[in-house]
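Reading through the structure tokens given below for one structure.
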Amino acid sequence: MKTKIEFVRPLDMRARRWTGGMVRKRWCALVAGAIICFVLLISNASTVYTLLGKLFLPKTPLDIAPFEALFQMEQIDLKINDTEFSYNMSIPVDPNQCNGVEVVVYTMTLGDEKSFERRETVREVLRRTTNRSIIFRFFLGKSDDLNLTILIPEVQKYNDIVYYDHKDTYRENYAKWYTINEYHLRHCPNVTHVIKMDHDVAVDYGRFFEWLDLDFGGLLTNHTEYFLCQEMRGYKPYRKLGDRWYISWDEYPRRWWPNYCYGYFVLTTTETIASVQHGMRDISLVHMDDAFITGIVRKNLSIPIINWHGIFSQPEHVSYENCDLLDTIHSFFVVHNVTHRELAKGWIEDMRTLEC
């Protein structure tokens with residue numbers, strides 16, 4: 001029996017060696033990749049676990065009992081026409097917190113880590129822009145996103161968070177504003193001037209008090225009820241289903257909003273708040289809190305809007321041209337969408353250095 005001998009040309013042998021080398025390199029790359037992935041998984045185990053948990057594990061309800069136990073609560077009976085329900089709001093630790101206070105600032109906030117950083121900016125940067133008598137309170141509703149690791153020690157340290165146990169979503173912001181109003185009327189009715197603001201706003205309260213002492217150039221003179229803010233004129237409701245600001249025709253059957261305040265910074269009075277809380281009882285709710293309260297309700301009660309030209313919704317919209325009629329005090333003291341502490345410091349420094 002003859003043995004068949006296979007002759008391999010040198011070129012074929014080189015090709016086989018090259019192919020074998022490529023296979024070995026690929027295996028090495030795969031092994032190295034597997035090792036790298038394993039190291040990354042180990043070093044980021046908590047992140048991977050969280051991601052897998054969100055994808056595949058049933059969501060465990062957040063146990064907020066230890067957080068809620070920090071507060072003494074009282075009941076609020078919300079009534080906005082046919083929208084009625086009850087929930088609870090925390091009461092102040094110090095019942096005399098507003099004695100001798102000139103202005104109280106109520107800040108809408110959330111329960112995540114970024115919101116904590118913004119609250120710290122308000123406490124440590126904005127508060128220090130004036131030595132006048134002013135206090136800040138932060139309003140936070142019930143949510144599955146509450147970061148209790150941050151919130152529990154924060155409440156214990158500062159006692160400046162007002163918690164209410166109604167769900168905290170954008171569409172339910174009317175309840176947060178309603179809670180602010182109720183809190184003020186119950187616990188700080190002696191403070192005439194009230195500011196409602198968002199937590200991503202830079203404010204020079206030193207300049208604010210300069211203007212307040214001058215009745216904002218006489219614009220507030222003889223007014224006990226008003227909203228001073230950036231006025232929104234000629235805006236339509238969003239009608240696209242699924243939009244964050246969606247309002248159906250059934251909910252609000254008009255093409256245009258009445259003039260209203262851009263709600264990130266609003267100066268008002270105790271008398272205004274009392275009128276609004278009473279007036280809302282006869283007006284159907286619209287789920288756009290600033291347009292509803294400072295637009296629809298305000299218009300129904302004939303409360304004026306005072307548009308102030310030194311309040312800006314975006315950093316890129318800031319104008320450095322506006323001063324008062326005597327050219328002594330610059331009008332700019334508020335800018336919105338300031339998300340970091342250093343940005344807030346920078347804006348306040350800019351405000352402080354402006355001269356007419």
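Please treat every number below as a calculation from the coordinates, not as lab data. Note that the structure is predicted; figures quoted are calculated from it, not measured. Cβ placement follows ideal geometry from the backbone for every residue including glycine, while neighbour counts extend to all protein chains displayed.
Some values worked out for this structure:
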quantity	calculated
Inter-part distance where the stretch 78-150 and the stretch 239-271 are each reduced to a Cα centre, Å	23
Cα-based shape type of the stretch 65-353, given that a ≥ b ≥ c are square roots of the gyration tensor eigenvalues and the cut on a/c is 1.5	rounded
Relative contact order [Cα under 8 Å, 6+ residues apart], the stretch 65-353, whole percent	21
Cα→Cβ-extended label distance, 7 Å offset, between Glu316 and Glu84, nm	4.8
Note, ³J(HN,Hα) from phi for the stretch 288-298, Karplus 6.51, -1.76, 1.60, rounded to Hz, x at Gly and Pro	9, 4, 6, 5, 6, 6, 8, x, 5, 5, 4
Around Cys98: net Lys/Arg minus Asp/Glu count, Cβ-Cβ under 12 Å	0
Theoretical FRET efficiency, 1/(1+(r/R0)^6), r = Cβ-Cβ of Asn222 and Arg255, R0 35 Å, to 0.05	0.55
Simple label model, 7 Å out from Cα along Cβ direction - Met73 to Cys356, nm	5.0
DSSP-defined antiparallel bridges as percent of all bridges, the stretch 65-353, nearest 5	50
Per-residue HN-Hα couplings for the stretch 133-140 [Karplus 6.51, -1.76, 1.60; θ = phi - 60°; Hz; x = Gly/Pro]	7, 9, 10, 10, 10, 10, 9, 9
Summed residue charge, Cβ within 12 Å of Asp160's Cβ, Lys/Arg positive, Asp/Glu negative	+2
For Ile306, distant residues with modelled amide H under 5 Å away	Phe227, Leu228, Cys229
Residue order, fewest to most beta carbons within 10 Å, for Arg137, Arg127	Arg127, Arg137
Cβ-based net charge around Val334, under 10 Å, with every Lys or Arg adding one and every Asp or Glu removing one	0
